[in-house]
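The values are calculated or read from the model by the stated rules, or taken from the named source; none is laboratory data. All values reported here derive from a predicted model rather than from experimental measurement. Positions of Cβ are backbone-derived with ideal geometry, glycine not excepted, and every protein chain shown enters the neighbour counts.
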Amino acid sequence: MIFARAMQILGGLILVAVLVWFFKFSTVTNTAFFLFLLGIGLGIFLIYLGKRQLTLQHKIPQRLRFYQSEIIRWLRCWQEINGEVTNILPPSREMSEPMQINSEVTAYSFDRVIVCDTAEIAQFLIANNFHFEHNCAVLSIDGYPENIFSTVMQMLKQNPDLKVYAFHSATPRGVTTINELRNSPNWFVGNNLIIYDLGLLPRHVFASKNMWILKSDDSAGQGRKIPTEVKETLSKDELEWLEAGFYVELESFSPRKLLQVVSQGIAKTQAVANGYTSASDNNLDSGDSSNDGIIFIGIDDDNRNVGFFISDSFG
């Protein structure tokens with residue numbers, strides 16, 4: 001960028017120098033006029049070349065390197081100037097103290113459960129009272145919140161019509177969430193439950209130009225270890241993308257966007273369950289010939305279609 005700016009400045013200086021020389025100090029001869037045109041052309045060319053370089057550099061992705069500790073320092077500096085940020089969630093481990101639950105409460109169940117691939121996203125949904133507004137439990141795949149996890153699981157298994165929603169990042173860990181829900185003894189192995197995948201999947205990333213894509217060697221290593229049964233649900237491009245180390249985290253989206261995606265996912269599955277049909281009957285095709293109980297939700301905000309098919313959008 002510095003080199004491009006330097007070329008623009010040099011081009012401008014050449015233009016000024018040539019104009020001053022031609023009109024102030026030179027005599028009008030063929031040679032002088034030729035040098036004048038040559039200088040003007042060179043100046044304009046350097047300015048154009050510098051501008052083109054700047055345009056190209058803006059299109060080239062650049063790595064942003066920082067440590068987690070730096071974010072805390074930046075936040076503290078910001079708060080010193082602008083005041084305390086009161087809506088930041090504490091670390092999830094601080095909410096793991098034992099909790100007593102009334103036995104009368106445990107006799108009931110939930111209509112649905114949202115299972116996130118990280119404790120942070122589960123904590124975020126709970127902090128925004130998502131579980132109250134949608135009569136659902138919110139858990140993470142690694143057992144958050146620990147203080148009530150086993151109790152909530154007992155309550156969930158009391159409902160044979162439970163609806164399960166997976167909400168995860170486009171990471172090797174995230175795309176295996178549904179497989180773990182179906183096959184882990186800690187979750188719903190052996191239960192004939194419908195599992196809805198709300199995303200995020202690599203195919204959603206491909207269709208968008210505004211997602212913050214990260215890349216790491218650790219993620220590449222995890223991508224190469226994705227179980228075979230999970231690989232069968234992903235396209236070749238998705239697998240290559242994950243194995244190359246690319247990933248997108250749910251945390252990179254705004255809180256409003258995350259709440260919108262989950263709320264719309266629940267609302268649209270309820271609409272279909274209540275007998276609503278979209279404009280085209282073809283949109284109700286599952287898009288998956290295997291009878292494995294997994295339904296991918298396609299959310300199309302442009303034409304308001306509700307469809308059961310392999311998802312090609314995120315929210």
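Scanning segment 167-199 for residues that are part of a loop (DSSP other than H, G, I, E, B) and closer than 23 Å to residue 251 by Cα, which turns out modelled with the lowest pLDDT? Step by step, filter segment 167-199, then rank; the result is 199. Which of the residues that make up segment 179-222 are over 20 Å from residue 233 (Cα atoms) and hydroxyl-bearing (Ser, Thr, Tyr)? Result: 208, 216. Determine, yes or no, whether residue 236 is in the same structural domain as residue 173 (by TED's automatic domain parsing), farther than 30 Å from residue 67 by Cα, free of Cβ contacts under 8 Å to residues at least 60 places away in the same chain and crowded, with 20+ Cβ neighbours inside 10 Å. Spelling it out, it is not the case that residue 236 is in the same structural domain as residue 173 (by TED's automatic domain parsing), farther than 30 Å from residue 67 by Cα, free of Cβ contacts under 8 Å to residues at least 60 places away in the same chain and crowded, with 20+ Cβ neighbours inside 10 Å. Out of 227, 255, report the one residue that is in contact (Cβ under 8 Å) with a residue 24 or more places away in the chain, assigned by TED's automatic domain parsing to the domain that holds residue 203, more than 17 Å from the chain's Cα centre (by Cα) and under 21 Å from residue 115 (Cα atoms). Selected residue: 227, the only one of 227, 255 that is in contact (Cβ under 8 Å) with a residue 24 or more places away in the chain, assigned by TED's automatic domain parsing to the domain that holds residue 203, more than 17 Å from the chain's Cα centre (by Cα) and under 21 Å from residue 115 (Cα atoms).
Can you work out which of the residues in segment 124-167 that are touching a residue at least 24 places away in the same chain (Cβ under 8 Å) and of a type in the set (Gly, Ala, Ser) is nearest to residue 88 (Cα to Cα)? Among those that are touching a residue at least 24 places away in the same chain (Cβ under 8 Å) and of a type in the set (Gly, Ala, Ser), it is 127.
Among the residues in segment 262-285, are any modelled with pLDDT of 90 or more, in the same structural domain as residue 170 (by TED's automatic domain parsing) and not acidic (Asp, Glu)? For segment 262-285, residues modelled with pLDDT of 90 or more, in the same structural domain as residue 170 (by TED's automatic domain parsing) and not acidic (Asp, Glu): present.
When the residues of segment 117-147 are filtered to those that are among the hydrophobic types (A, V, I, L, M, F, W, C) and surrounded by fewer than 19 Cβ atoms within 10 Å (Cβ to Cβ), the one that is nearest to residue 218 (Cα to Cα) is 127. The set of residues from segment 129-172 being of a type outside the set (A, V, I, L, M) and in contact with a Pro (Cβ under 7 Å, 6 or more places away or on another chain) comprises just one member, 147. Within segment 193-204, one or more residues are among the acidic types (Asp, Glu), in contact with a strand residue (DSSP E or B) (Cβ under 8 Å, 6 or more places away or on another chain) and either crowded, with 22+ Cβ neighbours inside 10 Å or closer than 26 Å to residue 246 by Cβ (or both). From the list 69, 92, the one residue that fits, being of a type outside the set (Val, Ile, Thr), modelled with pLDDT under 75 and not assigned by TED's automatic domain parsing to the domain that holds residue 166, is 92.
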